[in-house]
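The values are calculated or read from the model by the stated rules, or taken from the named source; none is laboratory data. Just so it is clear, the model here is predicted, and its values are computed rather than measured. Every residue, glycine among them, receives a Cβ derived from its backbone with ideal geometry; neighbour counts consider all protein chains shown. Protein only, heavy atoms only, side chains kept; ligands, DNA and RNA dropped before computing areas. Shrake-Rupley method; radii C 1.70, N 1.55, O 1.52, S 1.80 Å.
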Amino acid sequence: MSVALITGGSAGLGRALVSALAARDWTVITDARRIDRLVDLREQVGPRLVTVLGDIADPEHRRTLIDQVEALGALDLLIHNASTLGPVPLRPLRELGELDLAHTWTVNAGAPAALSRALLPWLKPARGVLISLSSDAAVEHYPTWGAYAASKAALDHLTLTIGEEEGLDAYAVDPGDLQTEMHQAAFPGEDISDRPLPQTVVPAFLEIIRRRPPSGRYRAAEFSPLEV
């Protein structure tokens, strides 16, 4: 039995990854803040899905996720997908308060790093794969994207450092611009229908999991769409 934990799996790319892995006979643990979306996801995916309601920024919620892994006794794949843009509409750094920055950091970098460290007792024996969702904003400088960008840059470094220290295959993967609620929130009132749907980049993630290239930062577009 292969086991994956994918945070923020009820919508967007997270949902597409949950569905793809469950369809390939993985047991998948995922979480979300909305119970209606988790119920809908369970109905779609079926018995291979374990759902947990809560916010990744909450240490007690992360403890519940860890308990689910412990109950299954295995973890082969950890994908940090849950994230936040920070305050929307997006605004310059000078207009953000310390609490705005701290919350964005916690959701996008601090909580994933804490969860990765806590799950090492299962990931390491399994020679598991660690993936964090990155962004081009982590390496570019876009006005008003500063809080999100800095947190994603931190997540890249934390993920790859944990991989180096612990001997894990670790990846920071930029999926590119997609048609998601979060991307729409960054561009209120604009038509983003020209962006690809989240499921179009799932094959790239499956290929990373299958191929296990050297740990590092990658763009999803670098991988051909092959099956796991």
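Taking all C-alpha pairs of region 57-124, those more than 15 Å from each other amount to 58 percent. For Val52, the amide hydrogen comes within under 5 Å of the amide hydrogens of Thr30, Asp31, Ala32, counting only partners 5 or more places away or on other chains and with H modelled in the peptide plane.
Remark on Asp174: its backbone amide H falls under 5 Å from those of Ser134, Tyr218, Arg219, Ala220, a criterion applied only to residues 5 or more positions apart or on other chains, H modelled at 1.01 Å from N.
Taking Cα atoms, how many degrees apart are the long axis of helix 59-72 and the longest axis of the chain, rounded to 10 and kept between 0 and 90? Helix 59-72 and the main axis of the chain meet at about 20 degrees. The fraction of accessible area contributed by carbon and sulfur in region 61-148 is 54 percent, rounded to a whole number (1.4 Å probe; ligands and nucleic acids excluded).
With all protein chains kept in place, the per residue accessible area of the chain amounts to 47 square angstrom at a probe of 1.4 angstrom. I need the Debye-formula profile for region 41-154: one equal scatterer per C-alpha, no solvent, reported as log10 I(q)/I(0) at q = 0.20 1/Å, two decimals. Values, matching the q order: -1.08.
Compared with the dominant Cα axis of the chain, that is its longest principal axis, helix 146-166 is turned about 30°. By the Cα gyration tensor, region 1-93 has an equivalent ellipsoid whose semi-axes, rounded to whole angstrom, run 23, 15, 12 from largest to smallest.
Taking the charge dipole of the chain about its Cα centre, with +1 at Lys and Arg Cβ atoms and -1 at Asp and Glu Cβ atoms, the residue from Pro47, Gly86, Ala11 reaching farthest to the positive side is Pro47.
About its Cα centre, region 80-228 has a charge dipole of approximately 480 debye under the convention of +1 per Lys or Arg Cβ and -1 per Asp or Glu Cβ, with nothing else charged.
With each label modelled as a point 7 angstrom along the Cα→C-beta vector, the Glu140-Arg91 pair spans 2.4 nm.
Residue by residue, region 41-49 carries 3J(HN,Hα) couplings of 5, 4, 5, 6, 8, x, x, 7, 9 Hz when phi is fed to the Karplus relation 6.51 cos²θ - 1.76 cosθ + 1.60 (θ = phi - 60°); x denotes Gly or Pro. Between Asp36 and Arg24, the contour length at 0.36 nm per residue exceeds the alpha carbon distance by 1.9 nm. Distance between the pseudo-spin-label points of Arg211 and Ala185 (7 Å out from Cα toward the beta carbon): 3.2 nm.
Computed extension length for Lys124-Glu165: 13.6 nm, one decimal, from 0.36 nm per residue of separation with the Cα-Cα distance subtracted.
Taking amide H positions as modeled 1.01 Å from N, with prolines and chain starts lacking one, the residues under 5 Å from Ser2 and 5 or more places away or on another chain are Thr27. In plain terms, the C-alpha convex hull of region 166-228 casts an average shadow of 5.1 nm² when viewed from every direction. Convex hull volume per residue, computed on the Cα atoms of the chain, equals 119 Å³.
Both radii come from the Cα set of region 98-153: Rg as radius of gyration, Rh as Kirkwood radius; their ratio Rg/Rh reads 1.09.
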